[in-house]
Amino acid sequence: MKMSIQQLFRPDVQAMQAYHVADATGLIKLDAMENPYRLPEALRAELGRTLADVALNRYPDPHGGSLKPALKAAFGIPAAADVILGNGSDEIITLITQALAAPEAVVMALEPSFVMYKLNAQFSRVPYVGVPLNADFTLNLPATLAAIAQHQPAVIFVAYPNNPTGPRFARAEVEAILDAAPGLVVVDEAYQAFADDSFIGLAGSHERLIVMRTLSKLGLAGLRLGYAAGHPATIAQLDKIRPPYNINVLTQAAAGFALQHLAVFDAQAAELRRERTALAVALGEMAVLTVFPSEANFLTVRVPDAAALFAALKQAGILIKNLHGYHPLLDNCLRITVGSPDENKAVLAAITTYFA
Ligand code: PMP
């Protein structure tokens, strides 16, 4: 007898909703922390020639070819650290969660934070514990240390700076988590290009520390390349469950090319930081609105009615992210990705008009 869909799939999977990505057709897209800039014209042509030479008939180098040494050199990854590559840092979160000693292992994250930590715990059927941040989105260290002592997490994810809130936690507090944690500590530095501090210098020196990053926010979200640096003994375990060809040949070639032109991306990141500051100042002048500090390429704001402002901006042709409903601490919060100067002017004008 054939099995029904209900019999085939885990009940918890059947109860899940697929990850929703909003349709941005025709809209100014400020919802997903993308870099607004494409590659400069001359580099595009050069990249085209590079990609044309790639052997598409062959499987990719399972170890990423020359990418790991290039990443180590470009981003100051210590010699003592090994690197694992992922199809976006999303995949590295999946690998870490899958490799844990289920079913007892606990995944812990601060909340609100990046939703994939919790979702991956659910996918891998390991218990998940979320520790709320303070209302101003700073880290609640006493509550976090108490939760670590109580639940003994196999892994704790700390986004540094944090999405979807913006602030970077105090370094000493993350160090305190590292001291107290019995298991892995993943410092997720997805927004490092826009931040003032990093744990990359400690990668490799500490068996339980994994510093995870991505090229996505730097301007290469379409490539899907994430990487994590850590102690060789830790990275070796994760590498066993990595699909051998997870980084395709075009991504390997294009990422290698991009790393040779890092100055272009660094200049864009510097401009986005300046734009972030200008937008934060301008929005901060509106009394109805609370702007949270941000070391990422987005600003999270609290408004009287997030759904109404979200709808008004969409009407004005701008897509941002409505965070209301994701977590009680995000009540009436919106997340605005910092875009190009013109895009930021447009969003500022639309918000000003809305409150006028
Ligand atoms: N970590 C954080 C904190 C994020 O916000 C995101 C993307 N929004 C990711 C990881 C995943 O990025 P990617 O898969 O594009 O590398």
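Within region 307-318, is even one residue farther than 15 Å from Leu30 by Cβ, surrounded by 15 or more Cβ atoms within 10 Å (Cβ to Cβ) and touching a residue at least 24 places away in the same chain (Cβ under 8 Å)?
Checked against the condition, which is being farther than 15 Å from Leu30 by Cβ, surrounded by 15 or more Cβ atoms within 10 Å (Cβ to Cβ) and touching a residue at least 24 places away in the same chain (Cβ under 8 Å), region 307-318 yields no hits at all.
How do the pairs read when you match residues in region 105-118 that are assigned by TED's automatic domain parsing to the domain that holds Gln150 and small (Gly, Ala, Ser) with residues anywhere that are within 14 Å of the ligand (Cβ to nearest atom) and part of a strand (DSSP E or B), using Cβ under 6 Å and keeping only pairs 6 or more apart or on different chains?
Ala109/Phe157; Ser113/Ala159
If we scan region 256-266, do we find a residue that is under 30 Å from Ile351 (Cα atoms), open to solvent by 50 Å² or more (accessible area, probe 1.4 Å) and modelled with pLDDT of 95 or more?
Scanning region 256-266 turns up at least one residue that is under 30 Å from Ile351 (Cα atoms), open to solvent by 50 Å² or more (accessible area, probe 1.4 Å) and modelled with pLDDT of 95 or more.
From the list Tyr59, Tyr19, which one is at pLDDT 95 or above and of a type in the set (Phe, Trp, Tyr)?
Among Tyr59, Tyr19, only Tyr59 is at pLDDT 95 or above and of a type in the set (Phe, Trp, Tyr).
Need the failing condition index for Gly65 against (1) part of a loop (DSSP other than H, G, I, E, B); (2) of a type outside the set (Val, Ile, Thr); (3) at pLDDT 95 or above; (4) assigned by TED's automatic domain parsing to the domain that holds Leu223, just the number.
It is condition (3) that Gly65 fails.
Suppose we filter Leu85, Leu39 for residues that are more than 30 Å from Ala143 (Cβ to Cβ) and within 16 Å of the ligand (Cβ to nearest atom); which single one remains?
Checking each option against the conditions leaves just Leu85.
Could you tell me which residue of region 42-62 is nearest to the ligand (Cβ to nearest atom), considering only residues that are part of a helix (DSSP H, G or I) and exposed (fewer than 12 other Cβ atoms within 10 Å of the Cβ)?
Selected residue: Arg44.
Filtering region 227-237 down to residues that are surrounded by fewer than 22 Cβ atoms within 10 Å (Cβ to Cβ) and hydrophobic (A, V, I, L, M, F, W, C), which residue is nearest to Gly86 (Cα to Cα)?
In this case the residue turns out to be Ile235.
Would it be correct to say that Ala296 is of a type in the set (Gly, Ala, Ser), open to solvent by less than 20 Å² (accessible area, probe 1.4 Å) and part of a loop (DSSP other than H, G, I, E, B)?
yes
Please verify whether Pro167 is under 16 Å from the mean Cα position of the chain (by Cα), surrounded by fewer than 24 Cβ atoms within 10 Å (Cβ to Cβ) and touching a residue at least 24 places away in the same chain (Cβ under 8 Å), treating the condition exactly as stated.
yes
Within the group Leu202, Leu184, which residue is open to solvent by 50 Å² or more (accessible area, probe 1.4 Å), in contact with a Leu (Cβ under 9 Å, 6 or more places away or on another chain) and over 26 Å from Ala254 (Cα atoms)?
Matching residue, one of Leu202, Leu184: Leu202.
Here are Arg242, Arg208, Arg224: which of them is in contact with a strand residue (DSSP E or B) (Cβ under 6 Å, 6 or more places away or on another chain), open to solvent by 10 Å² or more (accessible area, probe 1.4 Å) and either within 16 Å of the ligand (Cβ to nearest atom) or more than 22 Å from Thr337 (Cα to Cα) (or both)?
Arg208
The values are calculated or read from the model by the stated rules, or taken from the named source; none is laboratory data. Predicted, not measured: the structure shown is a model, and the values here were computed from it. Using ideal geometry, Cβ is built from the backbone for each residue, glycine included, and neighbour counts are taken over all protein chains shown. What goes into the accessible areas is simple: the full protein's heavy atoms, side chains included, and nothing from ligands, DNA or RNA. Shrake-Rupley method; radii C 1.70, N 1.55, O 1.52, S 1.80 Å.
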